[in-house]
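Just below is one structure, and these are the notes that go with it.
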Amino acid sequence: MSEWLPRAAVLVCVFGLFAAAAVWRLTHTVRRALAVLLDFLTAAALLRLADRPSWDTITLTAVAVALRRIL
């Protein structure tokens, strides 16, 4: 569909890793850092879902949302 959506998803994942590391460094709480990382991963999964909807991307998005809700 669009060429920039997969690149944006990867960029969001990279920002998520940096944000999670920053949260862990500031709070020393793994749970909060994981919550931040999962928020970014959910956003990246939704970007991938918007680009190319398939059962794999739907499953990936559902797993990311479910893990975020658990934490």
*Could you tell me how many degrees, from 0 to 90 and to the nearest 10, lie between the Cα long axis of helix 4-27 and the main elongation axis, the longest principal axis, of the Cα atoms of the chain?*
10
*If you place +1 on the Cβ of every Lys and Arg, -1 on the Cβ of every Asp and Glu, and leave all else neutral, what size is the dipole of the chain about its Cα centre, to the nearest 20 Debye?*
280
_Positive-end residue of 24, 42, 4, charge dipole of the chain with Cβ unit charges_ = 24
*Computed [θ] at 222 nm, deg cm²/dmol, the chain (DSSP H ≥ 4; -39,500 (n - 2.57); rounded to nearest 500)*: -30000 deg cm²/dmol
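Note down the relative contact order for the chain as a percent, whole number, built from C-alpha pairs under 8 angstrom at least six residues apart. If you can, show how the numbers build up before the last one.
Numbers: 71 pairs, mean separation 25.5, N = 71.
Averaging sequence separation for qualifying contacts and normalising by length gives 36 percent for the chain.
Accessible area per residue, 1.4 Å probe, Å², for the chain: what's the number?
On the way: 5160 Å² over 71 residues.
For the chain, the solvent-accessible area averages 73 Å² per residue.
The values are calculated or read from the model by the stated rules, or taken from the named source; none is laboratory data. Note that this is a predicted model, so its numbers are computed, not measured. Glycine also receives a Cβ, built like all others from the backbone with ideal geometry; neighbour counts cover every protein chain displayed. To get the accessible areas, we keep the full protein, side chains included, count just its heavy atoms, and leave off ligands, DNA and RNA. Shrake-Rupley method; radii C 1.70, N 1.55, O 1.52, S 1.80 Å.
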